Amino acid sequence: MAKTGTTTQGLRAAIERSGYYPALVAEAVEAAVGGEPIASYVVHQETTFDQNEVRRHVTVLVLTANRFIVSHTDEQAADNSSPTPYATTSTESVKLDRISSIVVSRVVANPEAYTPGTLPREVVLTIGWGAVSRIDLEPAACGDPNCDADHGYTGNSTADDLSLRVSEAGDGPDTVAQTLAFAQSLSEATAATR
């Protein structure tokens with residue numbers, strides 16, 4: 001469930017409502033934010049199924065006047081390194097002028113009857129700042145079907161440091177709206193830094 005807002009107290013309350021190790025998550029996020037005022041945030045808790053295990057994950061996105069902060073917390077089952085279950089939390093702080101792309105993908109049902117202002121069924125927010133890139137390569141070919149020459153490779157590089165998917169069915173319409181609002185705030189903030 002995602003929550004969005006603009007205050008430190010609101011952020012803390014949203015983290016607590018997610019119910020996912022709130023003391024751990026809040027401490028990590030608040031340390032990364034420091035004393036900066038919060039312009040916007042989203043808290044998204046997600047449950048996944050991994051073979052025979054249920055795993056939870058929370059992502060917290062925070063926008064300040066100068067930075068975009070992303071925090072991930074995952075829980076892990078006991079393993080060779082730890083006899084008890086444990087959680088891993090990480091935060092990354094990115095200067096707004098480093099953000100190179102913000103992609104908002106919207107899935108809309110019955111597009112022929114779409115009315116402006118109607119919420120999409122699903123939203124995927126992808127943000128790139130150059131920390132992680134994906135390269136998709138495939139053999140290059142020419143138009144001659146009888147050619148067996150090596151034409152090298154062709155492909156593309158995609159920056160996708162963060163991808164957050166929310167849906168009306170899984171997260172509710174408020175979450176979809178909140179994610180769109182955060183994406184708009186982030187887009188406006190990065191445009192102002194150019």
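The values are calculated or read from the model by the stated rules, or taken from the named source; none is laboratory data. In this text, all values refer to a predicted model and were calculated from it rather than measured experimentally. Every residue, glycine among them, receives a Cβ derived from its backbone with ideal geometry; neighbour counts consider all protein chains shown. SASA here: full protein model, heavy atoms, side chains in, ligands and nucleic acids out. Shrake-Rupley method; radii C 1.70, N 1.55, O 1.52, S 1.80 Å.
The table below gives the values:
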quantity: Positions within region 42-69 being touching a helix residue (DSSP H, G or I) at 6+ places or on another chain (Cβ under 9 Å), assigned to a strand (DSSP E or B) and either among the β-branched types (Val, Ile, Thr) or surrounded by fewer than 16 Cβ atoms within 10 Å (Cβ to Cβ) (or both), in sequence order; calculated: Val42, Val43, Val58, Val60, Val62, Thr64, Ile69
quantity: Of all residues making up region 23-78, the number that are among the charged types (D, E, K, R) and under 13 Å from the mean Cα position of the chain (by Cα); calculated: 1
quantity: Residue in region 78-101 that is in a helix (DSSP H, G or I) and surrounded by fewer than 18 Cβ atoms within 10 Å (Cβ to Cβ) present; calculated: yes
quantity: Filtered residues of region 176-194 (kept if more than 16 Å from His44 (Cα to Cα) and either among the charged types (D, E, K, R) or part of a helix (DSSP H, G or I) (or both)); calculated: Gln184, Ser185, Leu186, Ser187, Glu188, Ala189, Thr190, Ala191, Ala192, Arg194
quantity: Out of Val43, Val104, Val94, Val25, sole residue that is in contact with a Leu (Cβ under 7 Å, 6 or more places away or on another chain), of a type in the set (Val, Ile, Thr) and on the phi < 0 side of the Ramachandran plot; calculated: Val104
quantity: Test: residue in region 35-56 that is closer than 18 Å to Ser185 by Cα and touching a Gly at 6+ places or on another chain (Cβ under 7 Å); calculated: yes
quantity: Residues of region 37-96 classified as aromatic (Phe, Trp, Tyr) and free of Cβ contacts under 8 Å to residues at least 60 places away in the same chain, total; calculated: 2
quantity: Some residue of region 6-27 being within 22 Å of Ala192 (Cβ to Cβ), aromatic (Phe, Trp, Tyr) and either at pLDDT 90 or above or open to solvent by less than 70 Å² (accessible area, probe 1.4 Å) (or both); calculated: no
quantity: Which listed residue is open to solvent by less than 40 Å² (accessible area, probe 1.4 Å), in a strand (DSSP E or B) and not aromatic (Phe, Trp, Tyr), from Val104, Val166; calculated: Val166
